[in-house]
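Since the structure comes first, as structure tokens, the remarks are kept for the end.
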Amino acid sequence: MSADNESKTSLKGQIIKTSLGGTSKSAHMGFVLQNKDGNIKLRRENGNPFYDDFFEAYENKNVKVEGYDMEQYFLVSDIEVLK
């Protein structure tokens, strides 16, 4: 999974932990960026696609994330806590 061909972008919002995957067998807890556009699922390259504890440190904080829009999720390359 490489984002080399994608254009890097940034988003702002609050990171929250929520249930993902609906009621399917693949339902799990994960992290999303909540902003005016809704909830955007977050992932890191080489991170666990179902639950990446990296994001726990940013839970309930307002952040700016940089990375790549992969349609099903946002691939985070950098994160900054906003004051």
Q: With a cut-off of at least 1 residues that are at positive phi and at pLDDT below 95, name the strands (runs of 3 or more DSSP E) lying wholly within the stretch 38-83.
A: 38-44
Q.
Can you find, within the stretch 1-37, the residue that is modelled with the lowest pLDDT among those that are assigned to a loop (DSSP other than H, G, I, E, B) and among the polar types (S, T, N, Q)?
A. Ser2
Q: Would you tally the residues in the stretch 26-83 being surrounded by 15 or more Cβ atoms within 10 Å (Cβ to Cβ), charged (D, E, K, R) and over 14 Å from Gly13 (Cα atoms)?
A: 4
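The values are calculated or read from the model by the stated rules, or taken from the named source; none is laboratory data. Because the structure is a prediction, the values reported are computed rather than measured. Glycine also receives a Cβ, built like all others from the backbone with ideal geometry; neighbour counts cover every protein chain displayed.
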